[in-house]
Amino acid sequence: MPSGYGQPWKHWEKNVSDFLSRAMTVFREDIEAVKDRDPAATNTLEIILSYPGLHAIWMYRVAHYLNTHGVPLIPRLISMLARALTGVEIHQGAHIGKGFFIDHGMGVVIGETAEIGDNVTVFQGVTLGGTGKERGKRHPTIEDNVVIAAGAKVLGPITVGRNSKVGAQSVVRVPGRVTVCSGERISPVDLHHENLPDPVLDMFHTLERRLDRLEGRAETEDERTPEE
């Protein structure tokens, strides 16, 4: 047997071992994300067997690994299989951090150049899509700890800043707004996406305050006016 014959096998074996070790770590983090953010999750076995969003993420991670190592066709086929089985379409070229959680999952679409940070949560019907036919970066960048509620569409090469919340059924084509509670420590992942700024309601409150001031002035003027 020629010397060095076993070296390629050892190199391949080491790569597979490293991949499996990293994969197990990431998979555990994905399971913990479900436990932390879904009160309906009761135990690990149930999560592994019955969460389509988790299955879609795991299939994406395999497809993404193969895609980054130049494997043709198979990553795309895995992506399409995940779509058929789970209703979630994640392009194998997207970049997704740890602790990603897709709640319910059906109808979620994540485009090729999308970048998602750590501990991000999306609900059913969310689209991280592109606009136009230009090449290069054309999908959103979602930073850490973002929550995107059901049916929201985030379009184009924009950035949604960390700790932001995108409301249900909204269409976002401008940078996201970070919402914080002044002087109050917030959870790294705040799932209360129902508590969002409402500019229309704010405007009505402003008008109401102005009317109150005008009525007050009118009453004061009436009191100062002598009776005839």
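Before moving on, here are some points about what is shown:
- Test for E143: is it assigned by TED's automatic domain parsing to the domain that holds A33, charged (D, E, K, R) and buried (at least 18 other Cβ atoms within 10 Å of the Cβ): yes
- Test: residue in the range 167-177 that is modelled with pLDDT of 90 or more, within 18 Å of I110 (Cβ to Cβ), surrounded by 18 or more Cβ atoms within 10 Å (Cβ to Cβ) and within 17 Å of the chain's Cα centre (by Cα): no
- Residue match in the range 80-91 (condition: crowded, with 20+ Cβ neighbours inside 10 Å, part of a loop (DSSP other than H, G, I, E, B) and of a type outside the set (D, E)): yes
- Inclusion of G53 among residues that are buried (at least 17 other Cβ atoms within 10 Å of the Cβ), assigned by TED's automatic domain parsing to the domain that holds G167, of a type outside the set (D, E, K, R) and assigned to a loop (DSSP other than H, G, I, E, B) is not warranted.
- Residue within the range 110-127 that is of a type outside the set (D, E, K, R), outside any loop (DSSP other than H, G, I, E, B) and surrounded by fewer than 20 Cβ atoms within 10 Å (Cβ to Cβ) present: no
- Scanning the range 68-77 for residues that are surrounded by fewer than 21 Cβ atoms within 10 Å (Cβ to Cβ) and either in contact (Cβ under 8 Å) with a residue 40 or more places away in the chain or not small (G, A, S) (or both) gives T68, H69, V71, P72, L73, I74, R76, L77.
The values are calculated or read from the model by the stated rules, or taken from the named source; none is laboratory data. As the structure is a computational prediction, the values presented were derived from the model and not from experiment. In this analysis, Cβ positions are derived from the backbone assuming ideal geometry, glycine residues included, and neighbour counts consider all displayed protein chains.
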